[in-house]
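Below is one structure, written out as structure tokens; comments come after it.
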Amino acid sequence: MNFARPPERMRAMVTTGHGGLEKLEYHHDWPTPTPQAGEVLIEVGACGMNNTDINTRIGWYDKSVREGTTADRGERGFDFSQGQTGGWGDTGISFPRIQGADVCGRVVALGEGVTDDVMGRRVLVDTWLRDWDDPDDLEKCRYFGSEVDGGFAEYATAPVKNVHPVDSNLSDAELATFATSSITAENMLRRADVEAGESVLIPGASGGVGTALIQLSKRRGAVPIAMCSKSKAEQVRSIGAQAVIPRSPRTWRQRSSRR
């Protein structure tokens, strides 16, 4: 199978620093990345945007920030001390940076040492990038689209260990909603050691992580119990919630007092 050589320049949305919306710049001639040893080049079909992309830009992850995120802060960003970092692990974030963690696309080039069985495959990217010499040290972890460039561009590189072929009837845009929310949900269930037959209470069940928790809990044979607004109750039932509790605090206290 023949594949076209990737172009030398690409379109990309580039983040120039921590701050407000003014830190986002669109470029139509950004250099296309070259996959290094152990990496692949992905032609991005779609890239989701979630809260971690916003929080990274505005600097919310910095240890000095004590405020919650709001629409206003999403537009303006946070002020924090020089020398601090608003990223994951201890490596910090350098700019300019291409954000975007949730990528679905096709492998179009291989770095040194990568076998050709992934060439041309439709893939999703595992967003947590570990130091494979010390994979359990979370301080050495990096996040796709945070400490390294991500998918808000036409092309992105990723370690082949983090790339997973997928065969699905879902569109690229639909698949690009999975990675961050599903990995977060799976880690929560593993940490809680959820087993078949156990009940799992899921606040915010209509959100990305919440809907992933419903489906992954059910897959384990557990009983997902959702908390969400009344208007979204039927939607969460349709993906597997066994019961739905209104999220109103007053209603929750009333229900708890009857048990």
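Descriptive notes on the structure:
- Electrostatic tally near ARG76: other residues with Cβ closer than 14 Å to its Cβ, Lys and Arg +1, Asp and Glu -1, net -2.
- Amide H partners (placed H, <5 Å) of GLY77, local residues excluded: none
- Here's the list of lysines a cross-link from LYS230 could span, going by alpha-carbon distance under 29 Å and ignoring same-chain residues fewer than 8 apart: LYS218.
- Under a 5 Å amide H cut-off, with hydrogens placed 1.01 Å from N, GLY105 pairs with GLY45, VAL123 among residues at least 5 apart or on other chains.
- Counting only alpha carbon atoms, the long axis of helix 208-219 and the longest principal axis of the chain meet at about 70°.
- Centre-to-centre separation between the Cα atoms of region 140-212 and those of region 102-134: 15 Å.
- Theoretical ellipticity at 222 nm over the chain - DSSP helices of four or more residues, -39500 (n - 2.57) apiece, nearest 500: -6500 deg cm²/dmol
- Identified option (computed volume of the Cα convex hull per residue in Å³; candidates [x] 165; [y] 143; [z] 204): [x]
- Under 5 Å between amide hydrogens, built in the peptide plane, is the criterion, and for VAL200 it picks out VAL223, ILE225 among residues at least 5 positions away or on other chains.
Laboratory data are not the source of any read-out in this text; all were calculated from the coordinates shown. It should be emphasised that the depicted structure is a prediction, and the values quoted were computed from it without experimental measurement. Virtual Cβ from ideal backbone geometry, glycine too; neighbours counted across all protein chains shown.
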